[in-house]
Each structure stands twice: as C-alpha cells, then as structure tokens.
1. Is there a residue being assigned by TED's automatic domain parsing to the domain that holds ARG268, part of a strand (DSSP E or B) and either farther than 24 Å from GLU95 by Cβ or in contact with a Pro (Cβ under 6 Å, 6 or more places away or on another chain) (or both) anywhere in region 495-510?
2. Only residues that are basic (Lys, Arg), within 29 Å of ALA328 (Cβ to Cβ) and surrounded by fewer than 20 Cβ atoms within 10 Å (Cβ to Cβ): list them for region 376-434, please.
3. Within region 128-160, how many residues turn out to be in contact (Cβ under 8 Å) with a residue 24 or more places away in the chain and more than 30 Å from the chain's Cα centre (by Cα)?
4. Need the failing condition index for TYR536 against (1) under 20 Å from ALA521 (Cβ atoms); (2) at pLDDT below 90, just the number.
5. Need the failing condition index for GLN557 against (1) touching a Gly at 6+ places or on another chain (Cβ under 8 Å); (2) over 25 Å from ILE410 (Cβ atoms), just the number.
6. So GLU352 clears everything in (1) within 20 Å of PRO537 (Cα to Cα); (2) charged (D, E, K, R); (3) surrounded by fewer than 16 Cβ atoms within 10 Å (Cβ to Cβ) except one condition, right? Which one?
7. For region 438-464, give me the residue count where each residue is buried (at least 18 other Cβ atoms within 10 Å of the Cβ) and closer than 11 Å to ILE408 by Cβ.
Amino acid sequence: MSHPPPHPSDRPVRVLFVFAWLAGGPEEGLLRLLSQTLDPARFRIDALPCRLQDATLDPTHERLAALGITVDRAAYEMGFDDTVRYLERKIAGYEIVVSCQDVADIYPAMERLRHHPPLIEYGRSVVEAMAGPKHLTTRYVAATEAARAAAADRMPDRPEAAMLIPPPPGFVPPRWLQTVRGNLGQPPVPPEQATIARQWEALFDAVLAQTSAPPPGLFQSFLQGGFECSTQRLRSGRRVDVIAATRHDIHAESDYRQLQGFGMRTVRDGLRWHLIDQTPGRHDFASFLPMAKAALRAGTEVIWDLMHYGWPDDLEIWSPAFVDRFAAFARAAARVWRDETDAVPFWCPVNEISFFSWGGGDVGYLNPFAHGRGFELKLQLARASIAAMHALREVDPRARFVHCEPLIAIHHSAATGRPRHEAEGWHQAQFQALELLSGRLHPEIGGDPTFVDIVGANYYPTNQWIHGSHPIDIDHPLYRPLSDLLFELHARYRRPIFIAETGVEDDRRAPWFRYVAAEVARARQRGVPVEGLCLYPILNHPGWDDDRDCHNGLMTQGFVGKGRGVDPALAEAVAGFALHGQEAR
C-alpha cells in the first residue's frame with residue numbers, strides 16, 4: 001500500500017518577509033530578486049503585509065503571485081492585537097523571518113515566544129535603523145552605510161551584526177528570461193544583482209548555522225520504546241490491563257533487553273494503580289516490584305506512568321478524596337523506587353490529561369463516561385497531578401516530571417463557514433493542561449512553573465484536522481509539518497521536549513517512523529531541544545474496545561525463539577536511524 005508523501009512545499013528553507021504594508025517599490029524589487037535568483041529547491045519566499053495601505057495593492061499581489069511568492073493577506077482583516085497573535089503562530093512555520101519597514105507587529109509577536117526563528121531586520125533609512133528594539137534581532141541589514149552605522153549604534157554589544165547590502169538596482173529578469181540570456185552567453189542576471197543575491201543567500205546560511213540545538217543528553221537513549229499500560233474500565237465494566245494482556249509484566253526483563261538491541265535504553269512503562277491500591281491506606285507493590293527490578297537488572301531507564309486512564313474501583317474520580325489518594329499512592333511509589341535504587345526517577349503523573357478529559361468528560365468514550373464536564377475533569381486531573389508532584393518531591397527532590405500530552409493542529413478553512421477565531425481557540429486549548437500545571441491558568445489549584453519539567457508530545461497521523469470538517473494527512477496543503485508544531489511547543493514553554501508517543505498500524509509503521517524522525521531532526525536544526533523519540537506502543541496489543549490484535553508496534557505479542565517477533569520493515573527503519581548516528585549517546 002502506498003502512503004501520502006509530505007506536501008512538497010514544506011521541504012525548502014522557508015523565509016517569511018513581514019512588511020508594514022506592501023505597495024511595490026524597493027520591497028517588491030527585493031522579493032523579486034530573491035525569488036528569481038535563489039534556488040527554489042533550497043528556499044521558499046513568502047510575504048505577510050500587516051496592513052492594507054490603500055486600494056492600489058492588487059497589482060503588487062498579482063505580480064508577486066506570478067513569481068511564486070505567497071502573500072498572506074489574513075492580517076488585512078485584523079487589528080493590531082490579533083495580528084500579533086496571528087504572527088506568533090505564523091512565524092513558527094518559518095526557518096527565517098525578515099522584517100521590513102520597521103514593522104511594529106513583529107517584536108510583540110517575537111516577545112510572546114520563548115524560542116523564535118532568527119530575525120533579520122531590513123531597513124532603508126537611518127530613521128528605520130534607529131527605531132524599535134534590537135535585542136531579538138539576529139542581523140540588521142541596511143540599504144545604506146548611514147543606516148548600517150545607525151543600527152550598529154543601537155547594538156553596542158554586537159555592532160558586527162549590522163551589515164550593508166544595497167537594494168537591487170533596475171529590473172530583475174524573470175527565470176525564463178535568465179534562461180534566454182544564458183543561452184545567448186550572457187549572465188542570467190546583471191552582475192550587481194547576482195552579487196546582492198549571493199549576499200542574501202550567504203546571510204541566510206550564516207544565521208541558519210547558528211540555530212541547531214545542543215546534543216541531546218537528558219535520557220539514556222534518544223530512541224525509546226513505550227509499553228502500552230492503559231488500565232481503564234470500559235462501559236461494559238471490564239477492566240483493561242494491557243500490561244497483563246501482552247504478558248509484559250512476566251517478560252519485562254526480556255522485553256527491555258530486546259529493545260536494547262535496537263538502541264533503546266530508555267522506555268516508557270507504567271504502574272497499575274488499581275492493583276497497588278485495592279485497600280485504602282494500604283499499598284501492595286507486588287505488581288510493580290518485579291518490573292522495577294527487571295529494569296534495574298537490564299540497565300534500562302524507565303519513565304514510569306502513575307496513572308494511565310485507570311484508578312481503584314472504590315474511588316470516585318470527582319471527589320476530593322481522589323486527589324488525596326493519588327498523592328498518597330505517588331508518595332508510596334517514590335519510596336519503593338528509592339529503596340531499590342539511587343537513580344534519578346522519571347515520573348509521568350497523569351498520562352494525557354487533555355485526551356483523558358475530552359474522552360472521559362466531554363464525549364463519554366472513556367471512564368467516567370461524562371458529557372459536558374471536560375474542563376471540570378481537566379481541573380481535577382491537574383489537581384491530582386500537582387498533589388502527586390509535591391509528594392514525589394518530598395521523597396526525592398531530584399525527581400523529574402514528564403507530562404505527555406497530545407500535540408495537535410486545528411486548521412481554519414473558509415470553506416467550512418466557521419470563523420477563524422474558533423479554529424484558533426480550539427488549537428490553543430490543547431495547552432490548557434500544561435497551563436494548569438504551570439500555574440498560568442487557574443493558579444489557585446497550586447500549579448507552579450517548575451512542575452512543567454519535561455514535555456512529552458504524543459503525535460499520530462490523526463492529530464491534524466480542519467475545524468468543522470475532517471482530519472488531514474501529510475500530503476494536504478494545510479498540514480503543518482511536525483517540526484513546526486514542536487517549534488511552537490518549545491516556543492511556549494522553553495523546556496526539554498521529546499516525542500513521547502508516535503506510531504500507526506500495519507504497513508504504514510516504517511514510513512511514518514521515517515517521517516517523524518526526519519521532522520525531529522529538522523526541529524533540532526531549528527534549535528528545538530528534542531531529547532528523544534519514543535515509538536508507542538512498542539509492542540502489539542489487544543484493542544481496548546474489541547480485543548483485536550493491533551499491529552502497531554515494533555514487537556509482536558508472540559515469541560519467536562528467545563524474543564518476541566518484530567515487524568521487519570519497522571525494524572529496518574529503526575536500525576537505519578541508529579546507524580546514521582542519530583541516537584543520543
């Protein structure tokens with residue numbers, strides 16, 4: 001079966017020119033020069049004017065469109081604050097941002113981000129060079145020596161960041177005319193224009209060379225495997241226990257050692273709260289200790305989930321007692337781990353607060369099968385997570401907290417008839433769980449910035465959709481590359497992040513892994529400190545609802561010889577990833 005390739009427009013280095021307005025003149029000349037001389041396989045030039053100056057702009061837009069330049073006109077319908085918010089999200093999709101005409105909107109947008117693309121300012125006058133702050137400016141390009149000197153004065157700690165590139169003179173030949181000129185033995189473009197284009201290309205390369213993230217080192221291995229450990233009760237009353245169903249609890253050490261053969265020395269795994277806390281006030285860790293000891297014998301580092309959709313039968317999730325019992329369970333688990341090892345523990349208190357609250361509080365899919373109570377459940381789960389983190393730190397102040405949440409993109413399309421702000425609002429709502437844990441949202445429940453320690457992004461092929469319409473795949477023009485979403489996530493929290501879950505069923509497993517791995521590498525090139533990539537689930541398992549054999553892992557449920565069987569195509573992709581030196585150590 002063939003699978004959709006990434007949309008081709010997402011491959012080159014993307015450069016966004018942000019203008020106060022766009023009405024021809026020198027700005028159009030610069031865009032024309034770069035779009036007609038830079039290699040389109042390497043660079044894509046887009047433009048975003050922030051306001052409509054007058055009604056004479058259509059010819060400019062049409063001329064630029066004819067050159068293959070996309071002009072985003074969305075800001076024409078926005079006020080200043082909305083434009084800033086729009087830019088905040090927009091610029092995450094570009095490797096380089098160039099601001100022109102001392103555009104007032106760009107710095108407020110950049111300052112809302114804790115990580116942003118390199119910003120090149122371009123000014124044609126001393127007045128423009130002297131205006132505005134410069135602390136976020138990577139380079140200042142001046143069209144005159146006087147403007148360059150003025151910009152250098154505004155950056156006394158790094159005057160060398162101000163440079164001179166003259167504006168392109170005269171008419172820039174379109175590509176077809178360049179071909180004709182070349183066939184006639186003439187330079188494709190006049191030498192002076194070619195020199196200016198080379199200066200801009202060298203500048204782009206120089207700023208890109210400074211953006212890569214430092215080598216990863218947070219976890220024992222960059223490539224990781226996650227064992228599905230869901231324990232929810234179904235509407236039928238049956239308890240899901242994926243660890244038991246896959247016999248991972250019995251074969252934990254063998255499973256850990258087999259994954260080490262693929263370079264996976266860090267894994268995600270889970271404690272089963274409903275087994276450990278069957279009697280209030282008493283904890284029986286017989287289901288956990290063999291797995292903990294197996295990990296220690298194998299030398300595998302584990303990120304332990306404390307709650308993966310399930311809780312003890314006698315406990316009401318909406319009650320204050322739920323928070324207290326969960327904190328007591330976390331404290332007891334931390335003590336058991338401390339008694340076994342002095343290794344720094346990694347805990348995921350509550351897996352996927354966002355999905356849990358939607359599935360269990362809004363649409364009645366997961367327990368507690370509620371409707372219209374999603375945010376209420378989100379608050380309760382955040383309270384429980386916060387209480388657990390306090391308890392975990394009491395036992396071991398070194399404890400690291402990993403929060404694994406869905407990473408999604410919700411898109412606006414005019415064809416749906418739904419307003420843009422609805423799509424944007426739902427997109428931003430994905431961050432509510434982390435906002436609650438950090439104290440940015442409802443601080444009265446006790447959130448603290450230090451609780452958002454390590455952010456895990458759970459990403460699957462169904463994680464992007466058009467608001468009011470349907471999911472989209474990687475070949476759709478609206479699809480945002482995963483690297484852009486990782487950039488946006490890091491820009492919001494500036495914390496170490498990793499792909500905590502990714503996978504798909506059947507024969508798309510290997511192509512999907514290659515896509516995610518390539519996007520992770522791309523994000524790291526853009527300065528995003530992605531610290532790991534966890535294939536999840538790593539082991540085929542029975543389906544939650546129907547017990548069907550879900551072929552979504554690297555390993556099968558059955559054994560072949562001394563280990564479990566493996567999916568050959570995914571195994572080859574994983575081996576190729578490790579072979580090219582892309583794991584952490």
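1. Scanning region 495-510, I find at least one residue that is assigned by TED's automatic domain parsing to the domain that holds ARG268, part of a strand (DSSP E or B) and either farther than 24 Å from GLU95 by Cβ or in contact with a Pro (Cβ under 6 Å, 6 or more places away or on another chain) (or both), so the answer is yes.
2. The initial filter retains those residues of region 376-434 that are basic (Lys, Arg), namely 378, 383, 393, 398, 400, 418, 420.
Filter once more, keeping what is within 29 Å of ALA328 (Cβ to Cβ): 378, 383, 393, 398, 400.
The answer is ARG393, ARG398, ARG400.
3. Counting residues in region 128-160 that are in contact (Cβ under 8 Å) with a residue 24 or more places away in the chain and more than 30 Å from the chain's Cα centre (by Cα) gives 11.
4. (2)
5. (1)
6. (3) is the only condition that GLU352 fails.
7. Counting residues in region 438-464 that are buried (at least 18 other Cβ atoms within 10 Å of the Cβ) and closer than 11 Å to ILE408 by Cβ gives 5.
Residues checked against (1) assigned to a helix (DSSP H, G or I); (2) buried (at least 20 other Cβ atoms within 10 Å of the Cβ); (3) charged (D, E, K, R):
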| position | (1), (2), (3) |
| --- | --- |
| MET291 | yes, yes, no |
| ALA294 | yes, yes, no |
| LEU306 | no, yes, no |
| ASP313 | no, no, yes |
| TRP318 | no, no, no |
| ALA321 | yes, no, no |
| ASP324 | yes, no, yes |
| PHE329 | yes, yes, no |
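The values are calculated or read from the model by the stated rules, or taken from the named source; none is laboratory data. From a predicted model like this one, the values you see are computed outputs, not experimental measurements. Glycine also receives a Cβ, built like all others from the backbone with ideal geometry; neighbour counts cover every protein chain displayed.
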